[in-house]
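The values are calculated or read from the model by the stated rules, or taken from the named source; none is laboratory data. Computed from a predicted model, the values in this text were never measured in an experiment. Don't worry about glycine lacking a Cβ; one is built from the backbone with ideal geometry, like all the others, and counts go over all protein chains shown. The protein model used for the area step is the full one, side chains on, heavy atoms only, and it has no ligands, DNA or RNA in it. Shrake-Rupley method; radii C 1.70, N 1.55, O 1.52, S 1.80 Å.
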Amino acid sequence: MVFSVSGRVLALPADAVRRVLPLPRLDSPPAAPPVVAGLFRHRDQTVPVLRLDILLGFDPAPAALYAPLLLIEREERPLALLVDRIFDIVPVPESMLLETDAALSFNGCAVGGFPFGAGNATLLDPERLLTETEGRLLAAFQDLADERAARWQPAASEPAASESAASEPAEAEDAAEPTS
């Protein structure tokens with residue numbers, strides 16, 4: 001999947017991208033590092049949104065209103081990457097892959113390149129976007145956000161407000177019926 005971030009053409013293996021999502025309203029916890037654009041809930045899970053421009057050391061740019069998110073998984077946890085634009089999904093035979101100097105990318109996340117348009121796209125390894133320490137910190141951050149979200153859910157022993165409100169009229173009707 002070929003996309004752009006801060007004017008740079010990048011790519012991820014298409015099978016690493018679970019979904020492309022429109023940018024939702026993000027919650028911005030005050031303790032979030034600048035690389036975390038915010039959090040949102042997707043399928044009952046907290047999903048952090050990472051700013052690839054900051055993560056990769058590019059010039060930071062504000063997210064456009066309709067900026068897409070690439071939903072990936074890292075260590076079985078959802079993670080969204082904020083990108084500027086998605087260009088295409090293209091097949092890239094191994095014979096077309098260009099070597100890249102892993103030392104030129106942090107944590108060796110740039111694993112190759114390939115011709116795209118008038119230039120080249122840099123292929124990223126989604127497992128190498130974060131260091132092990134960054135991954136642990138992000139997982140702890142997600143756990144805290146999930147715990148906080150769980151506090152807002154009704155307890156299993158308590159009916160939800162809509163359920164208890166729905167059952168009250170039925171109880172009142174039962175009480176109004178004459179007994180024989």
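Solvent exposure of region 24-98 amounts to 60 Å² per residue of accessible area, where only protein heavy atoms count and the probe is 1.4 Å. Hand me the GluC sites (Glu not before Pro) from region 49-158 located in a DSSP loop with no more than 14 other Cβ atoms within 10 Å, in residue order please. Listed in order of number, the matching sites are GLU75, GLU76, GLU99.
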